[in-house]
Structure formats: structure tokens, C-alpha cells
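Comments concern the structure below.
The values are calculated or read from the model by the stated rules, or taken from the named source; none is laboratory data. Everything numeric here is computed off the predicted structure, so don't read it as measured data. Cβ: placed from backbone, ideal geometry, glycine included. Neighbour counts: every protein chain shown.
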Amino acid sequence: MDELRIEGTCDPRFERVKEAFAENFAQRNEYGASFAIVVDGLAVVDLWAGHADKARTIPWRPDTLVNLFSTTKGVTAICAHRLIDQGLLDLDTPVAAYWPEFARAGKDHIRLRQLLNHRAGLPALRKPVPDAAIYDWSAMTTALAAEEPWWTPGTRHGYHAITIGFLVGEVIRRITGKSLGDYFRDEIAGPLELDCHIGLTAEDDARCGQMIQSPAPPKDQINIFKYAQEHPESVTAKAFFNPPGAMKLGAVNSRAWRAAEIPAANGHATAGALARLYGALAAGGAIDGVRVLEPEAIVRCHTEESSGRDEVLMIPTRFSTGFMLSQAHDRMGPNARTFGHPGAGGSLGFADPDARVGFGYTMNKMGPYILMDPRPRALVEALYESL
């Protein structure tokens, strides 16, 4: 293996962060990654290193994009909160007011708030759908409109691993006339000059990192995918494997996956884009004169709405309206108001309004952890040591 070259910029104050980034390669099986921090609206760390492919023949570049998996959910939530700020959406209005077909199967009283806080009872489709449905917006939203809740909405919460993106995205489409990917590009990514996308053109394929399979989970952690295989009719199995190909790496590295809009799972970004986006929220909702959200929205983003045993993940989780919050044993730093989202395999983006920090981490070698991976955890610890 070639000697590691860490490229980019790092304020001297955050030298410990750069050391932790290097340690991820030396000690935690990192292949390729990027990491960025924005503090008070200023980029203080923007680093990248390693390789974009499993064979280690393509160097990671400053514009290397990788699939974010569930880190995409935070991007989707930001779009919803922006529309709430504009008075076009309301958290406590029934979803059916925006999407009339949604009222079927006892869903007429489900509110937008319950889609965002994972309490709607729609984490999965019961009836099997084909692999290709994941790329078919109409197929997924039609199936969800017909679906009956798995529990009485509002009484419990369970991670809507794939469905939340289609549910919230369809509401946004009904209100704006734009797909979620187009809305995000026009309203947020474009004005902020973010290299962050939900739906990629073929021209971007050349700079996409190859996602690499994770090892098995450690023995002290529940193996969700093994459980799903052993209990194929469970809500956990259906949430992750219906459509059945939604989590296969062959799919995730394909043109079809990159082109589609799967707003819970297929965003692509650089770490710098994530840090800048969350840096705006951490600084009160605006950066460089571009306002993303109003200050009142930031309060919504970090206010807990769901906590306790997760019906899908089968571990305790905490959520606000669209964002994951720090968990008891998986904290995004020491401060109470931090909010963001991790993604399967390791990616992470979050905002800390108390420290005025925006954090972004992307990588291509997937880890097996349900919530935070040890690699971003090490970076979080180094960050707060440096502040």
C-alpha cells in the first residue's frame, strides 16, 4: 500500500483532528474518505485521503462523491423544514391534505410531523415489490398510499429506513411541483454552492467512489440483517429488504441507483458540502448571506419527538422532526442540541448550534455499526478536544 497522503486544509487549531483522520487509515481500515468542519460559518478543516476504489488505483480527490445512505435523511428533512418556514407545509396538518390518495387504509389522520419523527407506522411495505421499484417513484408512492400502518400512528416509533424519503418527498412534490432532488438543488444546494445531490447525472459517475462491503457486526451488537433473514415477515426485514435489492452494493454502485431519487438513502456529497450545509444551521440558519432555515426551525430540528425502543432497529433511538439526535451511547459531541444523521456504513453530518459547528464525513469502506461508526466517533472526539 502506498504511503498515506492527507490532502486539503486544516487550521492549526485542529491539528488533533487531522491526526485522528490519519489514525482512521492506520487503525480502522479506512480506504478513502473526506472530512470537513465549519465553525461560525468558516471552513476550518477540509481533508481527504486514500482511494476511491477497492483496488486502490484511483486516488480520492476533493470532488469525490460517495453514496450517503441515511445521511441523506437529514438533507430531506431540511427541505421539509424550509417549506414549513415558508408557510407551505404544516407539521400538524394531515398528510392527506397535501396528498389525497394517502388517506386510504386508515391513514387519514396521520400528520406530517409523524412522517418526520418516525411515528407514522409506515416503515415498510408488507406486499413484496420487485427490485426495480426502488427506482420507480410512482410505484413506491402508490404502494405507500395503499399501505396500512404497522401500528397505531403516534403510539410508537420505528425507523422508516427507506420509506421516509418517498413519504416526505411526495408531500414536497405535491406542494412545489418539483421532485425532492430538484427542490433541494434549486432552493438550497445551488444558492449555497454545495456539491451535494439527490439524483446524479451520468457525467458525475466518473467521480463517484466505489462503496465497499462492510465486515460482520461485532458480537456485542445486534445483527439486523441476520435477524431480517431469519424473520422475513418482520417489520425489520420488510423495512430493509422490500424492495429486496435496496441495500445490495451492486445496486448502490450502479448508474440506476445514482440516477434515481431515493431521498432516504441515495444522496451523494463531499464532506465539505455536508459541513457547509450543517454549518449554516449551526450558525442560526444562514451562511454567507444565504438563509436556509429560520432560527425557529433550528429549535424544531433539535427538539426530541421520539425516544425509546425502536420497532425496526430493536434498540433505543431518539429523533426530532426528521433528524437523529445523540443517543445515550452514541453522542454527536457533548452538547444537548446537536442534530443530524448518520448513514449506513459510516457517513455522518450534523449541526451543533451551541458550538456553532457543522460536521461532514464521507467514506467508501462501509462499517457494520447500526448508528455511529468508530471512524466518525474518533473525529468527533478530536473535534471537541480542539474547540
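For (1) at positive phi; (2) surrounded by 15 or more Cβ atoms within 10 Å (Cβ to Cβ), each residue gets a yes or a no:
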{"position": "7", "(1), (2)": "no, no"}
{"position": "12", "(1), (2)": "no, no"}
{"position": "30", "(1), (2)": "no, yes"}
{"position": "41", "(1), (2)": "yes, yes"}
{"position": "46", "(1), (2)": "no, yes"}
{"position": "55", "(1), (2)": "no, no"}
{"position": "67", "(1), (2)": "no, yes"}
{"position": "82", "(1), (2)": "no, yes"}
{"position": "94", "(1), (2)": "no, yes"}
Practice prompt. Identify all residues within segment 243-272 that are outside any loop (DSSP other than H, G, I, E, B), touching a Gly at 6+ places or on another chain (Cβ under 7 Å) and at pLDDT 95 or above; write none if there are none.
Written response: 259, 271, 272
Practice prompt. Could you list, in sequence order, all residues of segment 138-164 that are part of a helix (DSSP H, G or I) and buried (at least 19 other Cβ atoms within 10 Å of the Cβ)?
Written response: 140, 141, 143, 144, 145, 163, 164
Discussion item. Just checking, does segment 194-216 include any residue being surrounded by 20 or more Cβ atoms within 10 Å (Cβ to Cβ) and of a type in the set (Ser, Thr, Tyr)?
Written reply: no
Worksheet item: For segment 184-193, does any single residue satisfy the condition of being within 22 Å of the chain's Cα centre (by Cα), closer than 24 Å to residue 311 by Cβ and without any contact (Cβ under 8 Å) to a residue 24 or more places away in the chain?
Response: no
Worksheet, complete the sentence: Checked segment 306-352 for anything of a type in the set (S, T, N, Q) and more than 25 Å from residue 154 (Cα to Cα); matches are 335, 347
Worksheet item: Does any residue of segment 178-188 turn out to be of a type in the set (A, V, I, L, M), part of a strand (DSSP E or B) and at negative phi?
Response: no
Worksheet item: Going through segment 97-119 one residue at a time, which ones are among the aromatic types (Phe, Trp, Tyr) and part of a loop (DSSP other than H, G, I, E, B)?
Response: 98, 99
Worksheet item: Looking at segment 336-358, is at least one residue in a loop (DSSP other than H, G, I, E, B), among the polar types (S, T, N, Q), out of contact with any Lys or Arg (no Cβ under 7 Å at 6 or more places or on another chain) and over 30 Å from residue 218 (Cβ atoms)?
Response: no
Fill in: Residue check for residue 33: out of contact with any Asp or Glu (no Cβ under 9 Å at 6 or more places or on another chain), of a type outside the set (Lys, Arg), within 24 Å of residue 370 (Cα to Cα) and in a strand (DSSP E or B)
yes
Item to complete: Select, from 88, 167, 180, 112, the only residue that is in contact with a helix residue (DSSP H, G or I) (Cβ under 7 Å, 6 or more places away or on another chain), surrounded by 23 or more Cβ atoms within 10 Å (Cβ to Cβ) and either over 22 Å from residue 258 (Cα atoms) or among the aromatic types (Phe, Trp, Tyr) (or both).
Response: 112
Worksheet item: For segment 330-381, how many residues are more than 23 Å from residue 56 (Cβ to Cβ), modelled with pLDDT of 95 or more and β-branched (Val, Ile, Thr)?
Response: 3
Discussion item. Pairs please, first residue from segment 118-147 and under 24 Å from residue 311 (Cβ atoms), second anywhere and outside any loop (DSSP other than H, G, I, E, B) and among the acidic types (Asp, Glu), Cβ atoms under 6 Å, 6+ apart in sequence or on different chains.
Written reply: 141/170; 145/101
